[in-house]
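Asker: Sharing a structure, written as structure tokens. Questions coming.
The values are calculated or read from the model by the stated rules, or taken from the named source; none is laboratory data. As the structure is a computational prediction, the values presented were derived from the model and not from experiment. In this analysis, Cβ positions are derived from the backbone assuming ideal geometry, glycine residues included, and neighbour counts consider all displayed protein chains.
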Amino acid sequence: MQRRLFLSLLFAVITSWVAGQNRLTSPSGKIEAVVHSVIGNSFGRPSLTITYNDDTKSYTLFENLLIGLKTHRQNLTDSMKFVSVSSPVEIVEKYAMITGKRSLCRNQAMEQVYTFENPAGEALHVVIRTYNDGVAFRYRFVSKRDAEAITEEATTYPIAEGVKRWIQPLKIDYEGFYDLTHSGTPEPDPRSHSINSRWAYPLLLEPADSIFVLITEANIGRNQCGSHLNNETDRSVYRLQLADEVLPVNGNWESPWRLMIIGHLADIVESTLVTDV
């Protein structure tokens, strides 16, 4: 009886500690990322909730934003449990730009690293940053085997029908129009006579009146690849699809940054988040 009571109290303490560590707020307090995960010996899908706090109201911009990735040897998506989180670190940097929106930029954010494991003990590290004008996250993992390759990424943005969006169908030259639509099923492409399901960055949303989110990616480097969005399976969710069907990796690997620039239109236009990361 005493042992059972001790274990119950220990679990309650651990749960309370994790609950306090699963929220990362931007330096200004306007933007918050909440990490949802399975605690204990159970496994499930990790996800994010992103909220924006205006002067008078709080807006939930994304709920159940799925995260994770797969290799042809490791499944780091739907059967994961939370194991640890780093202490919050404030990033404050200044850097100069030769061209762009401004000559001197300021990179200021809060950062935490969340670690998840699958039943085989294979780990996925998710680096999350909250900025005053958005959220950025990326993946890190270690390839422990030769000839391992990433086959898919599970990053999925849920966007309900009726939400205003400006988005361009994926084209090799990126020469298209960003038409306003309220649906994940727009008019057929007159050139192909088919319904579009692949979309180019950036995607601009207006999930609440005068509150906007711009989704894109940044810092694509060696041993990485670009991506686009695909909502063929479910029109109300946009899943990130890698440009390379098979992406070879070896040793320590990290993904490009997945970005959500958040705020009023002026915040979107003036943001330097893409170059900040």
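Asker: When the residues of the range 145-155 are narrowed to those that are among the small types (Gly, Ala, Ser) and outside any loop (DSSP other than H, G, I, E, B), which ends up nearest to LEU247 (Cα to Cα)?
Answerer: By that ranking, first place goes to ALA149.
Asker: Are any residues in the range 156-175 assigned to a loop (DSSP other than H, G, I, E, B) and among the hydrophobic types (A, V, I, L, M, F, W, C), and if so, which ones?
Answerer: ILE159, ALA160, VAL163, LEU170, ILE172
Asker: Something else now. Mind checking which residues of the range 59-90 are buried (at least 19 other Cβ atoms within 10 Å of the Cβ), of a type in the set (Ser, Thr, Tyr) and over 18 Å from the mean Cα position of the chain (by Cα)?
Answerer: Selection gives THR71 alone.
Asker: Now a separate question. Could you tell me whether any residue of the range 145-160 is surrounded by fewer than 18 Cβ atoms within 10 Å (Cβ to Cβ), closer than 30 Å to ASP209 by Cα and of a type in the set (A, V, I, L, M)?
Answerer: Scanning the range 145-160, I find at least one residue that is surrounded by fewer than 18 Cβ atoms within 10 Å (Cβ to Cβ), closer than 30 Å to ASP209 by Cα and of a type in the set (A, V, I, L, M), so the answer is yes.
Asker: Can you tell me which residues in the range 68-84 are touching a Ser or Thr at 6+ places or on another chain (Cβ under 9 Å), among the charged types (D, E, K, R) and in a loop (DSSP other than H, G, I, E, B)?
Answerer: Correct list: ARG73 only.
Asker: Answer yes or no: is there a residue in the range 131-144 that is in a loop (DSSP other than H, G, I, E, B) and at pLDDT 90 or above.
Answerer: Checked the range 131-144: at least one residue is in a loop (DSSP other than H, G, I, E, B) and at pLDDT 90 or above.
Asker: Moving on. Residues that are farther than 24 Å from SER26 by Cβ, among the β-branched types (Val, Ile, Thr), touching a Gly at 6+ places or on another chain (Cβ under 9 Å) and not in a loop (DSSP other than H, G, I, E, B): does the range 181-193 have at least one?
Answerer: no
Asker: Going through the range 36-72 one residue at a time, which ones are touching a strand residue (DSSP E or B) at 6+ places or on another chain (Cβ under 8 Å), at pLDDT 90 or above and charged (D, E, K, R)?
Answerer: Across the range 36-72, the qualifying residues are ARG45, GLU63, LYS70.
Asker: Examine the range 255-273 for a residue that is modelled with pLDDT of 95 or more, among the charged types (D, E, K, R) and not in a helix (DSSP H, G or I), and state whether such a residue exists.
Answerer: Yes, the range 255-273 has at least one match.
Asker: Which residue out of TYR114, TYR95 is assigned to a strand (DSSP E or B), surrounded by 15 or more Cβ atoms within 10 Å (Cβ to Cβ) and at negative phi?
Answerer: Exactly one of TYR114, TYR95 is assigned to a strand (DSSP E or B), surrounded by 15 or more Cβ atoms within 10 Å (Cβ to Cβ) and at negative phi, namely TYR114.
Asker: I'd like the full set of residues that are in a loop (DSSP other than H, G, I, E, B) and farther than 22 Å from VAL237 by Cα, limited to the range 39-67.
Answerer: ILE39, GLY40, ASN41, SER42, PHE43, ASP54, ASP55, THR56, LYS57 - these are the residues of the range 39-67 that are in a loop (DSSP other than H, G, I, E, B) and farther than 22 Å from VAL237 by Cα.
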